[in-house]
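The block underneath contains the structure these notes are about, expressed in structure tokens.
Where a number appears in this text, it was derived from the coordinates with a stated rule and is not lab data. A quick note: this is a predicted structure, and the numbers were derived from the prediction, not measured. Neighbour counts run over all protein chains shown; Cβ positions are idealised from the backbone, glycine included.
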Amino acid sequence: MIDAMSSLLIVSGLAFYLAGSIGLLRLPDLYSRLHALTKADNLGLGLLTAGLALHAQDLFVTLKLVLIWLAVLAASAASAHLIAQHARRREKQS
Amino acid sequence: MSELLTVSALGLMLSLFLGLLRVVRGPSTGDRMLATQLIGTAGVGLLLLLSLLLKQTALIDVALILALLAAVAAAAFTGQQRETGDD
Amino acid sequence: MNTTAVHVLDILLIISLLSLAAAALLTSDARRSVILFMAFGLVLAVAWGRLHAPDVALAEAAIGAGLSGALLLAALREQPRRALSGDAKPVRERERERTSIDVTLQLTVTLLCVAVAALLVWALAEAFDRGPQDTLAQAVSETLAASGVSNPVTAILLNFRAYDTLLELAVLLTAVLGILALGPARPGYQAAGPVFDSLVRWLVPVLILTAGYLLWVGAHAPGGAFQAGATLAAAAVVLRLAGHRTAGLPAGQTLHLVIAAGVGMFLLVGLSLLVLGRPFLGYPPAWAGGLILLIESAAMLAIAATLVLAFLGGRPQPAAGLSGEKRQC
Amino acid sequence: MLTAQWLYAMTGCLIVALGLRTALLHAVLLHRLIGVNVMGAGVFLMLIAVAYRGPGVAPDPVPHALVLTGIVVAVSATALVLALARRLTGEQDNG
């Protein structure tokens with residue numbers, strides 16, 4: 001049961017990752033690519049860590065997995081913001 | 001279960017590979033930074049899967065460090081200098 | 001993990017490494033090159049994990065994927081139109097310069113590099129032919145029990161080859177003294193805004209905790225002074241990027257004490273052992289674990305301070321009296 | 001000899017050659033510096049590949065220790081070169 005749950009979570013996480021990177025490759029401009037990327041970061045890794053957490057033997061590993069997800073979540077929000085700001089600044093200059 | 005993890009690891013590697021195409025192609029530096037971000041996230045996921053597949057629990061710590069430093073690149077790239085600040 | 005899948009993974013990893021290295025080296029734009037080099041570091045960290053080298057992967061994750069990219073970007077940012085990035089001269093003059101490295105020379109050097117690669121391949125083929133030479137690895141695993149730690153990499157660095165690590169810390173000390181002697185630090189960064197600030201507020205304490213954890217866990221699992229020092233330095237770099245001028249470094253005399261702490265503690269322990277009638281850095285097995293942790297703690301601080309000063313690129317400047325900026329927090 | 005060992009070691013050789021070529025030929029200091037760093041990474045890759053002993057077998061820890069310290073020394077040396085270059089361009093601007 002746990003195995004099935006975990007598999008489902010990991011596979012759906014993978015789907016978001018792939019959707020994110022295909023979006024990054026196919027979408028026409030920076031801002032829409034930003035949008036695609038946050039999918040991979042937030043949902044892809046979130047589902048993956050959830051799936052792996054079901055396998056974790058001890059609480060400390062689960063804690064680390066949660067921390068990894070939170071760190072990437074915060075980092076992706078912050079860097080998406082910074083990159084968008086930077087791009088806007090560049091546009092204004094030119 | 002192991003097969004699923006293996007297939008997922010290959011999937012993530014593919015995702016990393018697609019990000020790599022964007023890093024090499026650009027066109028703007030912002031695009032390249034974004035793609036580097038994706039490579040980082042895919043790398044984190046890949047390391048987590050490898051930690052189970054290769055039975056190397058320490059790779060979770062490597063993933064943790066990568067995750068914690070994921071924002072450093074973007075901040076170093078966009079950070080504006082004091083005094084001059086003419087970017 | 002089944003072998004075909006591993007081979008596919010290996011080949012994809014190798015293609016990624018080669019194409020990123022080639023792209024980083026062949027582009028003429030400096031910023032692009034740095035970003036590609038950072039991506040190369042990320043993939044390299046995964047490759048270390050794949051090759052069962054978690055100790056190296058930890059250091060690569062902190063340095064290759066974080067610190068060195070930030071360092072190169074900082075250097076580039078400061079002198080965008082100067083010699084470093086090659087933008088000092090008008091485009092036409094630069095073009096002439098580039099083509100003035102004439103074709104014969106280019107060809108000769110390229111052939112030389114091919115020859116170097118061929119030599120390396122030959123040497124490796126010889127080594128592989130003889131099969132794995134495990135005499136050193138065996139010596140390590142036989143004496144590991146008496147080293148005071150159970151992580152073989154830490155045992156080598158802090159016990160079996162402690163002389164090497166002492167001298168290596170001396171090399172780092174020399175480098176940082178050179179950096180300090182060359183002038184003031186690069187200008188700092190403007191406050192990055194509320195989004196990044198709220199990230200920094202919890203990221204820095206978590207990085208410091210992680211550094212402490214890596215130092216502690218290094219005795220029996222991947223980790224140790226180098227990885228912990230790099231992680232601690234990353235915390236300081238994050239602070240600096242958020243607009244803190246001193247990046248959490250102590251000022252004046254204390255800073256000098258910290259950068260000399262690694263070599264100092266090593267020598268202190270070594271000389272004390274000499275006085276007690278033991279060989280220099282020949283720890284008594286019963287104390288080895290404690291002494292190693294003591295040296296590693298000092299070394300972690302020294303390595304972290306060294307790497308932060310490397311990022312600053314010179315003597316840190318006091319916040320007071322410079323264009324009236326107020327320090328936050 | 002393992003296939004993986006061979007693959008990664010040969011990749012290391014190629015990366016060393018690529019890095020060396022840029023370090024020797026490129027006109028711009030920053031590129032040369034990145035070339036040296038890439039070359040270092042190639043050497044590290046060779047060492048770690050030689051240390052690899054296959055799945056489930058503990059690798060040789062001695063090259064790991066070498067590479068670990070090598071990474072830290074490489075970044076410090078890079079920083080020293082950058083500081084030197086900065087001082088140099090500063091002097092040129094003033095004089």
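Where in chain C are the helices, taken as whole DSSP H runs, whose Cα atoms extend 18 angstrom or more along the long axis and whose Kyte-Doolittle mean reaches at least 1.6?
Working: long enough: C:3-26 (34 Å, 2.15); C:30-50 (30 Å, 1.30); C:103-129 (38 Å, 1.86); C:162-181 (28 Å, 1.83); C:194-217 (34 Å, 1.53); C:225-241 (24 Å, 1.54); C:252-275 (32 Å, 1.93); C:285-312 (41 Å, 1.97).
Sorted by number, the helices that extend far enough and score high enough are C:3-26, C:103-129, C:162-181, C:252-275, C:285-312.
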When the Debye formula is applied to the Cα atoms of chain C, each taken as the same point scatterer, what base-10 log of I(q)/I(0) results at q = 0.14, 0.16 Å⁻¹?
-1.30, -1.44
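For a test of the definition: using alpha carbon positions, the gyration tensor, and the 1.5 limit on a/c, classify the stretch C:187-317 as rounded, prolate or oblate.
Because a/c hits 1.5 or more and a/b fails to exceed b/c, the stretch C:187-317 counts as oblate.
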Positive dipole terminus of chain C, leading residue within C:8, C:300, C:146 (C-beta point charges)
C:300
On the Cα set of the stretch B:2-75, report Rg and Dmax in Å, please.
13.2, 40
If I build a Gaussian network model for chain D, linking alpha-carbon pairs within less than 10 angstrom, which residue out of D:19, D:54, D:40 has the largest mean-square fluctuation?
D:54
Based on the mean of other Cβ atoms within 10 Å per residue, sort peptides C:67-75, D:5-13 so the most packed one is first.
C:67-75, D:5-13
Let a ≥ b ≥ c be the square roots of the eigenvalues of the Cα gyration tensor of chain A; is it rounded (a/c under 1.5), or, if not, prolate (a/b larger than b/c) or oblate?
oblate
Have a look at D:43, D:75, D:16 and tell me which one the Gaussian network model of chain D (Cα, springs below 10 Å) gives the largest fluctuation.
D:75
With point charges of +1 on the Cβ of Lys and Arg and -1 on the Cβ of Asp and Glu, referenced to the Cα centre of chain B, which listed residue (B:75, B:38, B:13) lies farthest in the positive direction of the dipole?
B:13
Net charge near residue C:44 (other residues with Cβ under 15 Å of its Cβ; Lys, Arg +1; Asp, Glu -1) is -2
From the gyration tensor of the Cα coordinates in the protein assembly as shown, what semi-axes in whole Å does the equivalent ellipsoid have, largest first, with each one equal to sqrt(5λ)?
33, 31, 27
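Relative contact order for chain A: what percent, with Cα pairs under 8 Å and sequence separation of 6 or more? All intermediate terms of the calculation are to be shown ahead of the outcome.
Numbers: 83 pairs, mean separation 28.4, N = 94.
Relative contact order of chain A: 30 percent.
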With each pseudo-label sitting 7 Å past Cα toward Cβ, what's the residue C:122-residue C:253 distance in nm, one decimal?
6.0
Evaluate E = 1/(1 + (r/R0)^6) for residue C:197 and residue B:28, where r is the Cβ-Cβ distance and R0 equals 30 Å; express this FRET efficiency to the nearest 0.05.
0.70
Cα centre as origin, Lys/Arg/Asp/Glu Cβ charges: chain C dipole, Debye
1220
Note on chain C: contact order normalised by length, alpha-carbon pairs under 8 Å, 6 or more apart, percent, works out to 19
Taking only DSSP H segments of four or more residues, each worth -39500 (n - 2.57), what value at 222 nm results for chain C once the sum is divided by all its residues, to the nearest 500 deg cm²/dmol?
-23500 deg cm²/dmol
Put a dot 7 Å past each Cα toward the Cβ at residue A:84 and residue D:58; how far apart are the dots in nm?
5.1
Note the angle between two axes, namely the Cα long axis of helix D:61-94 and the longest principal axis of the Cα atoms of chain D, as a number of degrees from 0 to 90, rounded to the nearest 10.
10
Nitroxide proxy distance, nm - points 7 Å out along Cα→Cβ at residue C:317 and residue B:3
6.4
Acute angle (nearest 10 degrees) that the helix B:59-68 long axis makes with the longest principal axis of chain B, alpha-carbon atoms
20
Largest fluctuation, C:218, C:262, C:131 only, Gaussian network model of chain C with Cα springs under 10 angstrom, belongs to C:131
Set the Förster radius R0 to 45 Å, insert the Cβ-Cβ distance between residue C:287 and residue B:21 as r into 1/(1 + (r/R0)^6), and round the FRET efficiency to 0.05.
0.25
Relative contact order [Cα under 8 Å, 6+ residues apart], chain D, whole percent
25
When Cβ neighbours within 10 Å are restricted to other protein chains, what is their mean count per residue of peptide C:184-194?
4
Please report, in debye to the nearest 20, how large the charge dipole of the protein assembly as shown is about its Cα centre when each Lys and Arg carries +1 at its beta carbon and each Asp and Glu carries -1 there.
1520
Please determine, in degrees from 0 to 90 and to the nearest 10, the orientation of helix A:2-26 with respect to the longest principal axis defined by the Cα atoms of chain A, where the helix direction is its Cα long axis.
10
Give the long-range amide H neighbours of residue C:315: residues separated by 5 or more places, or on another chain, with amide H under 5 Å away, using H modelled in the peptide plane at 1.01 Å from N.
C:183, C:185
Given H placed 1.01 Å from N in the peptide plane, which residues other than close sequence neighbours of residue C:189 have an amide H under 5 Å from its amide H?
B:82, C:243
Partner shielding of A:83-93, as the mean number of partner chain Cβ atoms within 10 Å, equals 4
Please check chain C for the longest run free of trypsin sites (Lys or Arg not before Pro) that are loop-located per DSSP (anything but H, G, I, E, B) and have at most 15 other Cβ atoms within 10 Å.
C:131-325
